[in-house]
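Peer 1: I have a structure I would like to understand better, so I am pasting it below and will then ask my questions one at a time.
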Amino acid sequence: MDTLEMVMDREKELRPLYDRMEADARLIYLDPYVPRDKLGREIAGLVKVTLNKPAVFAANIIALLNNAVEQVVVESKRRSFDVVPVEEFHQAIWWQANELLTRRGLATLDSFAVVQACVRGRVAGLCVCHYDAEGRFVPDIVPWDSLYVSYETRRDGLDWASYRMIKSQSLIEEEFGIKIEGREAEVRDVWFDDHSEIWIGKDKVEEQPHNFKQVPVVIETVPLGYGNILLGKDAIRHEGESILFLIRSIIPELNRLATIMQTINMHAAKGAYVFHNETGKTGMPPDYDEFTAPGATTSIGLNEKLDPLLVQDIQRSALQLYQMLDKALAEGSLSSFDLGSFTFEMSGLALIQAQQSKSQISLPRLGTKAAWKNRIARMFTEQVTTMGGSVDVGVEGHEQNFTAESLKGEYTTTYKYFLKSPETDMARASQAQILEKYYDRRTILEKVLEEPDPDEILKQKYADLAEELFPSVLKDRVIRALAELNPWEAKLAAMDAGQTLEQILSGVPQEMPELPSNKIRPALPMPRNPTSGDISQGKKAAIVKATPEKEV
């Protein structure tokens, strides 16, 4: 079996998953609703209505996740290991990779990962670090739309991964120098642990080896849906579910109900009539618009009449059904309350509950994004350390130089995301004040306030306390701030503190000279009485006040 046959067979196996992804995208894109009967035939004569609920839900969740606060933690058991170069290296790589994507007109990696995790239920991407023809370092982190990704796994990771694209004739000729028949063709980029292959249609047009020793592709799946647990026919369809998986069947029913209700409304406004006449079907009824116009007078025969064709009133049952469907939709997505659409003042507890409702839907997506970025970061770090030497990384004009040796060592890198909002922060702050007498500061910061880096906040809090405990620290900070606003006053303040402004700004204050020990004087003079003996020998002496002699 050649590569193309292997990939296409796997694509057939993944077809149920692809169908689900395409159906979810149609719901979010608000494809017009078409009412159909149980045989799948379109029902004619209805006023079709497509509600915007799935698009609103998706837009709110995606916006919420795009505003999540990212925290990158680099930890090492060795205290001597410097984590700062690693943190700066990761930041520079992401900046440069996003810059390359922006130039190609593609979405940045963070935005791409959020949408993929929400709509497709998984995130995929290719990571290849290399040097271009001009000798510049290029971190090619290319996002792959999961709808066009196929892959096979083995015990220790990916066996291979493929990305299918439809490219135009001109683009294929520009990239590969090949002329094709037709205006476009399927292009498959297939990666193994030692080489890659490019297939255009049924022809392999390129094969290149690499030394990454693994498939340089990262695929992360959202841990919702049970396709990899409940193993049945087409189980892959339910693996890595989208944000619509709890409401996927509710949305068409809401559109159907809205369509029926709107059709009835149209019948009420412009309903059908029955023309009773002597000649039966051969009789010609009056013009509809003429006899239904406001103030119209219609002339008919003595034995003829026009009666409205009554339509069954289903408004009450329709309202009950709508309430049931709307409740089911809110339970599986976000209600107006969860989205903050309320016109009354909310309690702190209610705001926190609304935030938790969002978190239950969003946190699995953020966890998938964090795992994907973490594995990508580990991959480009390994690729750079394998290259050896040093590399210049970053946006053009702001490159930083990193050596492979500074990136080696025993450490772990973790990406974390936190959802924050001003309303819930205030509510949690009120809750923290109540719990201060029960919990320590770190627990409150981490569990109640949900701060990304509680240790850093504690350090800063203790640093601020230094001003209250040590007046000299307060003086130093005041003089440094004053030096930027009014240097002359800063010099006067420094003189008052017994230093020069230059000494304070240099961070090396001058130590006050100590007096010689033989010149130290006691704070109070020791009382001395010549008649009382030598008090230095520990003898207790009374102090006698001298009085003048009396005249004889």
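The values are calculated or read from the model by the stated rules, or taken from the named source; none is laboratory data. Note that this is a predicted model, so its numbers are computed, not measured. A quick note on method: Cβ atoms are made from the backbone with ideal geometry, for glycine too, and the neighbour counts reach across all protein chains shown.
Peer 1: Would it be correct to say that Ala117 is surrounded by 14 or more Cβ atoms within 10 Å (Cβ to Cβ), in contact (Cβ under 8 Å) with a residue 12 or more places away in the chain and within 30 Å of Val384 (Cβ to Cβ)? Show your work before the answer.
Peer 2: On the way: surrounded by 14 or more Cβ atoms within 10 Å (Cβ to Cβ): yes; in contact (Cβ under 8 Å) with a residue 12 or more places away in the chain: yes; within 30 Å of Val384 (Cβ to Cβ): yes.
Yes: the conditions hold for Ala117.
Peer 1: Can you find a residue in segment 404-411 that is at pLDDT below 85, out of contact with any strand residue (DSSP E or B) (no Cβ under 6 Å at 6 or more places or on another chain) and within 30 Å of Met379 (Cβ to Cβ)?
Peer 2: Yes, segment 404-411 contains a residue that is at pLDDT below 85, out of contact with any strand residue (DSSP E or B) (no Cβ under 6 Å at 6 or more places or on another chain) and within 30 Å of Met379 (Cβ to Cβ).
Peer 1: For segment 379-403, name all the residues that are surrounded by 19 or more Cβ atoms within 10 Å (Cβ to Cβ) and on the phi > 0 side of the Ramachandran plot.
Peer 2: Residue satisfying the conditions is Gly394 alone.
Peer 1: Here is a check on your reading of the model: is Ala44 assigned by TED's automatic domain parsing to the domain that holds Ser150 and part of a helix (DSSP H, G or I)?
Peer 2: On the way: assigned by TED's automatic domain parsing to the domain that holds Ser150: yes; part of a helix (DSSP H, G or I): no.
No: the conditions fail for Ala44.
Peer 1: Okay, next question. Please tell me if Phe402 is assigned by TED's automatic domain parsing to the domain that holds Cys129, within 20 Å of Leu100 (Cβ to Cβ), in contact (Cβ under 8 Å) with a residue 24 or more places away in the chain and not in a helix (DSSP H, G or I).
Peer 2: So Phe402 fits the description; yes.
Peer 1: I've got another one for you. Considering Ile200, Ile180, which residue is outside the structural domain of Leu109 (by TED's automatic domain parsing), out of contact with any Leu (no Cβ under 8 Å at 6 or more places or on another chain), at pLDDT 90 or above and more than 30 Å from Glu382 (Cα to Cα)?
Peer 2: One residue alone meets the criteria, Ile200.
Peer 1: A further question on this structure: Within the set of pairs 6+ apart or on separate chains, which have a first residue in segment 454-481 that is on the phi < 0 side of the Ramachandran plot, a second that is of a type in the set (Lys, Arg), and C-beta atoms under 7 Å apart?
Peer 2: Going by the 7 Å Cβ cut-off, the qualifying pairs are Pro454/Arg442; Leu458/Arg441; Leu458/Arg442; Glu467/Arg477.
Peer 1: Follow-up question, since we're still on this one. Within segment 153-160, identify whether any single residue is closer than 27 Å to Gln96 by Cβ, buried (at least 16 other Cβ atoms within 10 Å of the Cβ) and either of a type outside the set (Gly, Ala, Ser) or in the same structural domain as Ile236 (by TED's automatic domain parsing) (or both), and answer yes or no. Full working, then the answer.
Peer 2: Within segment 153-160, the first condition is being closer than 27 Å to Gln96 by Cβ, and the residues that meet it are 157-158.
Adding the requirement that they be buried (at least 16 other Cβ atoms within 10 Å of the Cβ) leaves 158.
Filter again for either of a type outside the set (Gly, Ala, Ser) or in the same structural domain as Ile236 (by TED's automatic domain parsing) (or both), leaving 158.
Within segment 153-160 (the criterion being closer than 27 Å to Gln96 by Cβ, buried (at least 16 other Cβ atoms within 10 Å of the Cβ) and either of a type outside the set (Gly, Ala, Ser) or in the same structural domain as Ile236 (by TED's automatic domain parsing) (or both)), the answer is yes, since at least one residue qualifies.
Peer 1: Could you list, ordered by first residue, the pairs with Cβ atoms under 7 Å in which the first is in segment 24-37 and in the same structural domain as Gly121 (by TED's automatic domain parsing) and under 18 Å from Arg122 (Cα atoms) and the second is of a type outside the set (Phe, Trp, Tyr) and surrounded by fewer than 16 Cβ atoms within 10 Å (Cβ to Cβ), at least 6 apart or interchain?
Peer 2: So the pair list comes out as Ile28/Ala55.
Peer 1: So, one more: For Glu410, indicate whether it is over 15 Å from the mean Cα position of the chain (by Cα) and more than 17 Å from Ile93 (Cα to Cα).
Peer 2: yes
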